1. Kindly provide the set of residues from the range 51-62 that are surrounded by fewer than 24 Cβ atoms within 10 Å (Cβ to Cβ) and in contact (Cβ under 8 Å) with a residue 40 or more places away in the chain, ordered by number.
2. Scan 54, 10, 39, 74 and give me the residue that is more than 24 Å from residue 325 (Cβ to Cβ) and part of a helix (DSSP H, G or I).
3. Could you figure out which of (1) at pLDDT 95 or above; (2) over 24 Å from residue 9 (Cβ atoms); (3) not in a helix (DSSP H, G or I) isn't true of residue 84?
4. Just give me the residues in the range 26-50 being over 18 Å from residue 123 (Cβ atoms), out of contact with any strand residue (DSSP E or B) (no Cβ under 6 Å at 6 or more places or on another chain) and crowded, with 21+ Cβ neighbours inside 10 Å, in sequence order.
5. Which of the residues spanning the range 236-267 are assigned to a loop (DSSP other than H, G, I, E, B), modelled with pLDDT under 70 and crowded, with 16+ Cβ neighbours inside 10 Å?
6. Report whether or not residue 18 is under 18 Å from residue 236 (Cα atoms) and at pLDDT 95 or above.
7. Can you tell me which of 206, 224, 194, 156 is crowded, with 18+ Cβ neighbours inside 10 Å and over 28 Å from residue 21 (Cβ atoms)?
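The values are calculated or read from the model by the stated rules, or taken from the named source; none is laboratory data. Since this is a predicted model, take the numbers as computed values, not measurements. Here the Cβ is made from the backbone with ideal geometry for all residues, glycine too, and neighbour counts use every protein chain on show.
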């Protein structure tokens, strides 16, 4: 396993982060415990979860994933061996803090709820799942709009309130570090500026979608991640499974996320499927596993701290974690670049 510094902290996190969002919906508690046992045995020390999980999100599955992790901690007695990241849900989901914004009250309530479900006294990395003002992720790339009802001054006041709340929680020993998720370049730099000028907790990471199919972290957030040491925790490095080839030729495997959710699927476009076919051809040409190629590419980027890898089966999890040992040659990277030129933004 490879390990990388989490931002400016002293924490060394595994380059493969164990994603957990299927536990409690697609996977049982026993499945989740088996996955955690295996991942730790392979050197993974970094888990990512959220109060919103399991997915697809619903009132019935809210908090289930954190509870599964908490039961594992209670049984294994190894909390100190794991660097644990979780997230507060943003506005828009009525069953999370009444659908309201991330603010002082919701952060305090969320942290207490997560600590209870996780059966722990502290959270290593506490993240804001998405901004109050909206996000261009989650299929909103082509329809992203900044809320006109809030001014920059109002947003900055909220950022300051949130950072002051986090500072109090850090002083109380309930969280250690702070990260963003599904955030923009403007938001990230504002948080960095406020923390520096007011001596408040610093952003240590940003968890945004990133894969061969979705490279919106480049170029502006790329430079922020590198120069400001706010490394990317890349979610969906397999583009929700597309880059494994599982949905090729209109396949819809039973039990897969595409069959479980009736939400709009922004990835299911003709150009995206054509791009996947091209990337699968690159993997075949070089004798590589397609999933490992995709994950290894993400890990090769200089702005990436960790790739968040989840799976519904142990076979897939084992294969995905093994991608950490794959180093892509210049020839492979050249072929990837050629596909990207033809399909820079397939969904």
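1. Passing the criteria: 51, 55, 56.
2. Working: 54 fails: part of a helix (DSSP H, G or I); 10 fails: part of a helix (DSSP H, G or I); 39 fails: more than 24 Å from residue 325 (Cβ to Cβ).
Testing whether each residue is more than 24 Å from residue 325 (Cβ to Cβ) and part of a helix (DSSP H, G or I) leaves just 74.
3. (2)
4. Across the range 26-50, the qualifying residues are 27, 35.
5. Scanning the range 236-267 gives a single hit, 256.
6. Details: under 18 Å from residue 236 (Cα atoms): yes; at pLDDT 95 or above: yes.
So residue 18 fits the description; yes.
7. 194
Residue-by-condition table, conditions (1) over 22 Å from residue 85 (Cα atoms); (2) in a helix (DSSP H, G or I); (3) free of Cβ contacts under 8 Å to residues at least 40 places away in the same chain:
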| position | (1), (2), (3) |
| --- | --- |
| 299 | no, yes, no |
| 308 | no, no, no |
| 328 | yes, no, yes |
| 341 | yes, yes, yes |
